Amino acid sequence: MDISRLSAFITGGASGLGAATAQHLIKLGALVTLFDRDEPRIKALARELGDSAHWVVGDVTSEADVTKALETAVLRRPMRVVVNCAGIGHVERVVQRDGAPHDLAAFERVVRTNLIGTFNVLRLAAAVMASNEPLGDNERGVIVNTASVAAFDGQIGQIAYAASKGGIVGLTLPAARDLSSVGIRVMTIAPGIIDTPLLGQLPEEVRMALAASVPFPKRLGVPQDYAQVVEMIVQSGYLNGEVIRLDGALRMAPK
């Protein structure tokens, strides 16, 4: 696909992976609709990105919010790229040190945002994309989801997060197969330790230890690494139904 001729819709677009992806795609000529719950941040980023960016505030788990945002994404060009970056984390053991069980509401909240929110955007966006005019190989668009290495190497205390990201890994292939009939590809990126604003709050010695745990290159990943993989996926039309680990060969220890 020619990125300079399309519109992209990015959830979690106010910061981190979503913001970096928006910046990268705009540099390549795309128009971008940013979708996020954080209104001040998303407005500020859209101003920085200029006329190529629109923004809509909303929740990925809301059918009404996502539907409204997708209507914005198709106003100027066909929407052919969707990138699901919205997500939250939570740390809690199945049985805590005081003997209390994992909070069920917290588990449900993480799964609802990360897994159900991803599927909600995927299904609604695919329905919009299905009406696009087909390009080469009858392709109408591509949806890129975000899992995590925690889907494979979930650490102690990560059960809610790992379960939600494992669900995204699990839906990738059946979604690609389902949507093959309408010419929509589905891919997932599973990032490792990425230097997002949240990680930036850690002490420098902790950040250095995390970087040293990566086999090669021995550094933290940066959001631009993720954005470049999105570009590759968009342009490589034979990539479909697969999960790409973006982790420098890292395999997470139990804790």
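The values are calculated or read from the model by the stated rules, or taken from the named source; none is laboratory data. Worth saying up front: this structure is predicted, and the values here are computed from it rather than measured. Glycine gets a Cβ as well: all are built from the backbone with ideal geometry, and neighbour counts include every protein chain shown.
Scanning segment 2-21 for residues that are among the hydrophobic types (A, V, I, L, M, F, W, C), assigned to a helix (DSSP H, G or I) and under 17 Å from G141 (Cα atoms) yields a single hit, I3. Restricting attention to segment 200-250, the residues that are farther than 23 Å from G170 by Cα, surrounded by fewer than 19 Cβ atoms within 10 Å (Cβ to Cβ) and touching a Ser or Thr at 6+ places or on another chain (Cβ under 7 Å) add up to 0. Let me confirm something: among G87, G29, which residue is surrounded by fewer than 16 Cβ atoms within 10 Å (Cβ to Cβ) and either free of Cβ contacts under 8 Å to residues at least 40 places away in the same chain or assigned to a loop (DSSP other than H, G, I, E, B) (or both)? The unique qualifying residue is G29.
Against the list (1) under 17 Å from the mean Cα position of the chain (by Cα); (2) of a type in the set (A, V, I, L, M); (3) surrounded by fewer than 21 Cβ atoms within 10 Å (Cβ to Cβ), the condition I42 fails is (3).
Please work out if G157 is assigned to a loop (DSSP other than H, G, I, E, B) and either surrounded by 15 or more Cβ atoms within 10 Å (Cβ to Cβ) or free of Cβ contacts under 8 Å to residues at least 12 places away in the same chain (or both). Yes: the conditions hold for G157. Of G183, G200, all but one fail to be modelled with pLDDT of 95 or more and more than 17 Å from G248 (Cα to Cα); the exception is G183.
Only a single item in (1) touching a helix residue (DSSP H, G or I) at 6+ places or on another chain (Cβ under 9 Å); (2) surrounded by 15 or more Cβ atoms within 10 Å (Cβ to Cβ); (3) within 22 Å of I10 (Cβ to Cβ) is not met by P197, and it is number (2).
Between T61, T118, the distinction of being part of a helix (DSSP H, G or I), at pLDDT 95 or above and β-branched (V, I, T) belongs to T118 only.
Does segment 170-179 contain at least one residue that is in contact (Cβ under 8 Å) with a residue 12 or more places away in the chain, surrounded by fewer than 16 Cβ atoms within 10 Å (Cβ to Cβ) and among the polar types (S, T, N, Q)? Looking through segment 170-179, none of the residues is in contact (Cβ under 8 Å) with a residue 12 or more places away in the chain, surrounded by fewer than 16 Cβ atoms within 10 Å (Cβ to Cβ) and among the polar types (S, T, N, Q). Step by step: first the residues of segment 45-66, then only those that are touching a residue at least 24 places away in the same chain (Cβ under 8 Å) and hydrophobic (A, V, I, L, M, F, W, C), then the one that is surrounded by the most Cβ atoms within 10 Å (Cβ to Cβ). Which residue is that? By that ranking, first place goes to V60.
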